[in-house]
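Participant: What follows is a structure written as structure tokens; I'll ask about it next.
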Amino acid sequence: MTGTAPASFTADDYEARMERAARQAAEAGLAGLLVAPGPDLVWLTGYTPTAVTERLTLLILAAGRDPVLVVPTLEAPDAERAPGAPALTLRDWTDGKDPYAATAALLDADGRFGISDNTWAMHLLGLQKALPGTSYASLTEALPMLRAVKDAAELDLLAAAGAAADAAFEEIRGVAFAGRRESDVAADLASLLRRFGHSQVDFTIVASGPNGANPHHEIGDRVIERGDMVVLDFGGLKDGYGSDTSRTVHVGEPTDEERRVHDLVREAQEAGFRAVRPGAACQDVDRAARAVIADAGYGEYFIHRTGHGIGVTTHEPPYMIEGEERPLVPGMCFSVEPGVYLPGRFGVRIEDIVTVTEDGGRRLNNTARDMVIVD
Ligand code: ZN
Ligand code: ZN
Ligand code: ZN
């Protein structure tokens, strides 16, 4: 899920992130943070175990205390080589010992802890049994903005991932669509993402004709035909940071209606992008994009939020959705991806990753947003 840590960050960077996280946890009234292998652990320490198993690995952060990484003895040598290791105290436990008792000895017996969302249930149950006085909150709910504001090095990595996804789109425009299966074009997209530097491909959606009306459709065996709209939505991780972009292409000449719906989504995407500026609320981006589609009479066919954050994962807070009133802050990075889905017929989605700058938004995807005709 997480890939490897990029080389751009130093031990000092990781130490600063851990200090910031511990401070934010204290401000949120938490006794500390418990972080299992996954995107939060990668972001905080640069450490990814070679395999995530039933053996407990857990980072413990608490304000005013040194960070501790509880780790299986056989994985301790790997953990010692993690980029963030200089700031960590390792506490290893050996097979046959109770890792929860060992962890419990390090925690406030009646504390409330933020725990990373992807922690296995068996580990949380083990901790609750060892320390019945403790309680737990989802780390993402308690500190939703922990990873949301990217520093300059992170933005460079996200821009590079976006440029690589753009390069993949420029190439896929030239491949044959008509007469090939969605899964064939998806395989092309995956190999292009890898060719342009992605170490991990998270999704390569190729949704042709009526399949495009289902935003959750990934790929199937449908053979793409002349006359199809085809939604392409693809992304993954390059050097530890995410890409995610969508373009909708047409096989041969589109009808007037197809062109009109495509232009409408492009206008909505532009309106969402123009709403991006420091101090605007996340929901303002959703409202701006949605208003364009609603005003044209297609409101009921835009059936998902307008965007999501991106960083060491391809989907994370902040979310561009009605009700999300948190303000946009320079350095935030997220998708703007309105769509129109006409059941049984076709769909259109256009998606760019956008970052908030001091005076507006900056796109990290820059391929053509007008309708691309493919063969
Ligand atoms: Zn058509
Ligand atoms: Zn996408
Ligand atoms: Zn997206």
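The values are calculated or read from the model by the stated rules, or taken from the named source; none is laboratory data. Owing to the predicted nature of the structure, the values given are computational and were not obtained by experimental measurement. Neighbour counts run over all protein chains shown; Cβ positions are idealised from the backbone, glycine included. The accessibility values were calculated without ligands, DNA or RNA, using every heavy atom of the protein model including side chains. Shrake-Rupley method; radii C 1.70, N 1.55, O 1.52, S 1.80 Å.
Participant: Could you give every pair whose Cβ atoms fall below 6 Å, whose first residue belongs to the stretch 269-287 and is at positive phi, and whose second residue is open to solvent by 10 Å² or more (accessible area, probe 1.4 Å), counting only separations of at least 6 or pairs across chains?
Facilitator: Gly279/Pro327
Participant: Right, His262: crowded, with 19+ Cβ neighbours inside 10 Å and over 25 Å from the mean Cα position of the chain (by Cα) or not? Before the answer, list the steps.
Facilitator: Details: crowded, with 19+ Cβ neighbours inside 10 Å: yes; over 25 Å from the mean Cα position of the chain (by Cα): yes.
For His262, the condition - crowded, with 19+ Cβ neighbours inside 10 Å and over 25 Å from the mean Cα position of the chain (by Cα) - is met.
Participant: From the list Asp244, Asp233, which residue is among the acidic types (Asp, Glu), over 30 Å from Tyr47 (Cβ atoms), touching a residue at least 60 places away in the same chain (Cβ under 8 Å) and outside any loop (DSSP other than H, G, I, E, B)? Please lay out each step first, then the result.
Facilitator: Values: Asp244 fails: over 30 Å from Tyr47 (Cβ atoms).
Going through Asp244, Asp233 in turn, the sole match is Asp233.
Participant: So, one more: Evaluate the stretch 59-77: report whether one residue or more is touching a helix residue (DSSP H, G or I) at 6+ places or on another chain (Cβ under 9 Å) and over 24 Å from Gln24 (Cα atoms).
Facilitator: Yes, the conditions are met somewhere in the stretch 59-77.
Participant: Restricting to the stretch 183-212, name every residue that is on the phi < 0 side of the Ramachandran plot, open to solvent by less than 50 Å² (accessible area, probe 1.4 Å), touching a residue at least 12 places away in the same chain (Cβ under 8 Å) and more than 16 Å from ligand 2 (Cβ to nearest atom). Write out each step before concluding.
Facilitator: Step one: list which residues in the stretch 183-212 are on the phi < 0 side of the Ramachandran plot, which gives 183-196, 198-208, 210-212.
Among the residues that remain, those that are also open to solvent by less than 50 Å² (accessible area, probe 1.4 Å) are: 183-186, 188-190, 192-193, 198, 200-201, 203-208, 211-212.
Okay, now just the ones that are also touching a residue at least 12 places away in the same chain (Cβ under 8 Å), so 183, 185-186, 188-190, 192-193, 198, 200-201, 203-208, 211-212.
Hits for the stretch 183-212 are Ser183, Asp188, Ser208.
Each row is one residue, and each column tells you yes or no for (1) among the aromatic types (Phe, Trp, Tyr); (2) at pLDDT below 95; (3) crowded, with 22+ Cβ neighbours inside 10 Å.
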site	(1), (2), (3)
Ala16	no, no, no
Arg20	no, no, no
Gly32	no, no, yes
Val52	no, yes, no
Val71	no, no, yes
Ala85	no, no, no
Trp120	yes, no, no
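Participant: Can I ask one more? Specify the residue that is surrounded by the fewest Cβ atoms within 10 Å (Cβ to Cβ); the eligible residues are those in the stretch 149-182 that are among the hydrophobic types (A, V, I, L, M, F, W, C) and in contact with a Phe, Trp or Tyr (Cβ under 7 Å, 6 or more places away or on another chain).
Facilitator: Let us first name the residues in the stretch 149-182 that are among the hydrophobic types (A, V, I, L, M, F, W, C), namely 149, 152-153, 155, 157-161, 163-165, 167-169, 172, 175-178.
Now narrow it down to the ones that are in contact with a Phe, Trp or Tyr (Cβ under 7 Å, 6 or more places away or on another chain): 153, 157-158, 161, 164-165, 167-168.
Values: Ala153: 14, Leu157: 22, Leu158: 23, Ala161: 30, Ala164: 21, Ala165: 29, Ala167: 16, Ala168: 30.
My answer is Ala153.
Participant: Which count do you get for residues in the stretch 122-140 that are open to solvent by 60 Å² or more (accessible area, probe 1.4 Å) and either under 16 Å from the mean Cα position of the chain (by Cα) or under 30 Å from Ser191 (Cα atoms) (or both)?
Facilitator: Keep residues of the stretch 122-140 that are open to solvent by 60 Å² or more (accessible area, probe 1.4 Å), which gives 122, 125, 128-129, 132.
Add one more test, that the residue is either under 16 Å from the mean Cα position of the chain (by Cα) or under 30 Å from Ser191 (Cα atoms) (or both), and what stays is none.
Number of matching residues: 0.
Participant: All but one of (1) under 16 Å from Arg363 (Cα atoms); (2) free of Cβ contacts under 8 Å to residues at least 40 places away in the same chain; (3) more than 16 Å from ligand 2 (Cβ to nearest atom) hold for Thr306, so report the exception by its number.
Facilitator: (3)
Participant: When the stretch 260-273 is examined, which residues are found to be aliphatic (A, V, I, L, M) and either farther than 21 Å from Arg290 by Cβ or within 16 Å of ligand 2 (Cβ to nearest atom) (or both)?
Facilitator: Our first condition is that a residue be aliphatic (A, V, I, L, M); within the stretch 260-273, this holds for 261, 264-265, 268, 271.
Val265, Ala268 - these are the residues of the stretch 260-273 that are aliphatic (A, V, I, L, M) and either farther than 21 Å from Arg290 by Cβ or within 16 Å of ligand 2 (Cβ to nearest atom) (or both).
Participant: Which number in (1) small (Gly, Ala, Ser); (2) touching a helix residue (DSSP H, G or I) at 6+ places or on another chain (Cβ under 7 Å); (3) within 21 Å of Asn214 (Cβ to Cβ) marks the one condition that Ser246 misses?
Facilitator: (2)
Participant: Pick from the stretch 213-259 the residues that are hydroxyl-bearing (Ser, Thr, Tyr) and open to solvent by less than 50 Å² (accessible area, probe 1.4 Å): which of them is farthest from ligand 2 (Cβ to nearest atom)? Give the derivation first.
Facilitator: Looking only at the stretch 213-259, we keep the residues that are hydroxyl-bearing (Ser, Thr, Tyr), and these are 241, 243, 245-246, 248, 255.
Imposing the further condition that a residue be open to solvent by less than 50 Å² (accessible area, probe 1.4 Å) reduces the set to 241, 243, 245-246, 248.
Details: Tyr241: 15, Ser243: 9, Thr245: 6, Ser246: 5, Thr248: 12 Å.
Ranking the candidates gives Tyr241 first.
Okay, residues lined up against (1) closer than 14 Å to Leu58 by Cα; (2) in a loop (DSSP other than H, G, I, E, B):
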| position | (1), (2) |
| --- | --- |
| Pro86 | no, no |
| Leu90 | yes, no |
| Ala102 | yes, no |
| Leu107 | yes, yes |
| Asp110 | no, yes |
| Phe113 | yes, no |
| Asn118 | yes, yes |
| Gly133 | no, yes |
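Participant: Can you report the number of residues in the stretch 319-332 which are within 13 Å of ligand 3 (Cβ to nearest atom) and open to solvent by less than 10 Å² (accessible area, probe 1.4 Å)? Can you show your working first?
Facilitator: To start, the set of residues in the stretch 319-332 that are within 13 Å of ligand 3 (Cβ to nearest atom) comprises 319-321.
When the remaining residues are screened for being open to solvent by less than 10 Å² (accessible area, probe 1.4 Å), the result is 320.
So the count comes out to 1.
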